[in-house]
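Q: This is the structure I have questions about; it appears just below.
The values are calculated or read from the model by the stated rules, or taken from the named source; none is laboratory data. Note that the coordinates shown come from a computational prediction; the quantities given were computed from them, not determined experimentally. Here the Cβ positions follow ideal geometry from the backbone for every residue, glycine too, while neighbour counts run over all protein chains shown.
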Amino acid sequence: MDNLIFSFLDVPALSLNKALLLDFFDTYSTPFLSEKTRLYTNNLDDALWKGVTVYVPKELESSVDPTAGNGYVKFNNLQNEFNSIFPEFNEYLKLLPFNHYYRLQIWEQRKMVPPHKDGGPDDAKYFPLKIRTMLLNENTEPTFYILDDKEQKFPKWNEASSNTFLFNNHKCQHGALLGNKRKLLLIVSGHVDVIRFNDLVTKSLEKYKQLAFFKSRP
């Protein structure tokens, strides 16, 4: 597992009603300007992402997500509305290896995203910082990639029955080309249950090892 940098997770695909999902997201999402972007513009049209929060515990509503380093993205919190539309979502969360959750958000890419590492504690024990689920991807060509020693590696979404995945933020960069269709990404951060996490990754590699990415060199 030390050299693992990307894998699909062996959990059933999360499939939400497309029309309801897009209507919810388009109604409540807001743009996000990163600190780097704000160095040269405050124009929301230049935002790389839009997003909406669908869960955050009350004690974290105004505090820092422990997995987010110096801060976190504070989108509108619409968890009650989301749960009323998608009651099956809570059942899905039970499949993920977290003791409790810090923040769940849905993001949509608006611009090309250059290779980067997410902000967060510089400590491998936090792998994974987050688990992600591709809720919607209408693009026919791959966009999201893992950068391994300057090589772009694109996950083979059409060969996996799961749309949930993880990558090692400490050992690789990631980025995304800009497609011409809609793409919505669920990002889940929480306190990892190490035993459940290791069991899930082991099981996932038994199923998806041929689709996983391993670092090409130490």
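Q: What residue, among those in region 132-176 that are of a type in the set (Val, Ile, Thr) and in a strand (DSSP E or B), is nearest to residue 53 (Cα to Cα)? Show your work before the answer.
A: The initial filter retains those residues of region 132-176 that are of a type in the set (Val, Ile, Thr), namely 133, 140, 143, 146, 164.
Within this subset, residues satisfying the condition of being in a strand (DSSP E or B) are 133, 146, 164.
Values: 133: 14, 146: 25, 164: 18 Å.
My answer is 133.
Q: Moving to a separate point now. Is it the case that some residue within region 180-203 is within 29 Å of residue 56 (Cβ to Cβ), aromatic (Phe, Trp, Tyr) and either without any contact (Cβ under 8 Å) to a residue 60 or more places away in the chain or not in a strand (DSSP E or B) (or both)?
A: Within region 180-203 (the criterion being within 29 Å of residue 56 (Cβ to Cβ), aromatic (Phe, Trp, Tyr) and either without any contact (Cβ under 8 Å) to a residue 60 or more places away in the chain or not in a strand (DSSP E or B) (or both)), the answer is yes, since at least one residue qualifies.
Q: Just checking, does region 172-179 include any residue being of a type outside the set (Gly, Ala, Ser), buried (at least 17 other Cβ atoms within 10 Å of the Cβ), under 18 Å from the mean Cα position of the chain (by Cα) and over 30 Å from residue 20 (Cα atoms)?
A: Here is the first cut: in region 172-179, the ones of a type outside the set (Gly, Ala, Ser) are 172-174, 177-178.
Of the ones still in play, those that are also buried (at least 17 other Cβ atoms within 10 Å of the Cβ) are 172-174.
Then keep just the ones that are under 18 Å from the mean Cα position of the chain (by Cα); that gives 172-174.
Narrowing further to those that are over 30 Å from residue 20 (Cα atoms): 172-173.
Yes; the residues of region 172-179 include at least one that is of a type outside the set (Gly, Ala, Ser), buried (at least 17 other Cβ atoms within 10 Å of the Cβ), under 18 Å from the mean Cα position of the chain (by Cα) and over 30 Å from residue 20 (Cα atoms).
Q: Pick out the one residue from 163, 169 that is modelled with pLDDT under 90, within 15 Å of the chain's Cα centre (by Cα) and under 28 Å from residue 217 (Cα atoms). It would help to see each step written out before you state the result.
A: Details: 163 fails: modelled with pLDDT under 90.
After applying the criteria, what remains is 169.
Q: Does residue 106 meet the test of being within 22 Å of residue 201 (Cβ to Cβ), within 15 Å of the chain's Cα centre (by Cα), at pLDDT 90 or above and not small (Gly, Ala, Ser)?
A: Values: within 22 Å of residue 201 (Cβ to Cβ): no; within 15 Å of the chain's Cα centre (by Cα): yes; at pLDDT 90 or above: yes; not small (Gly, Ala, Ser): yes.
No, not satisfied.
Q: Of all the strands (runs of 3 or more DSSP E) wholly in region 1-98, which have at least 2 residues that are at pLDDT below 75 and hydrophobic (A, V, I, L, M, F, W, C)? Give the derivation first.
A: Working: elements: 4-8, 30-32, 49-55.
Output list is empty.
Q: Also, quick follow-up: Across region 129-160, what is the number of residues that are β-branched (Val, Ile, Thr) and surrounded by fewer than 17 Cβ atoms within 10 Å (Cβ to Cβ)? Can you show your working first?
A: Taking region 129-160 first, the residues β-branched (Val, Ile, Thr) are 131, 133, 140, 143, 146.
Next, from what is left, pick out any that are surrounded by fewer than 17 Cβ atoms within 10 Å (Cβ to Cβ): 140.
Total meeting the criteria: 1.
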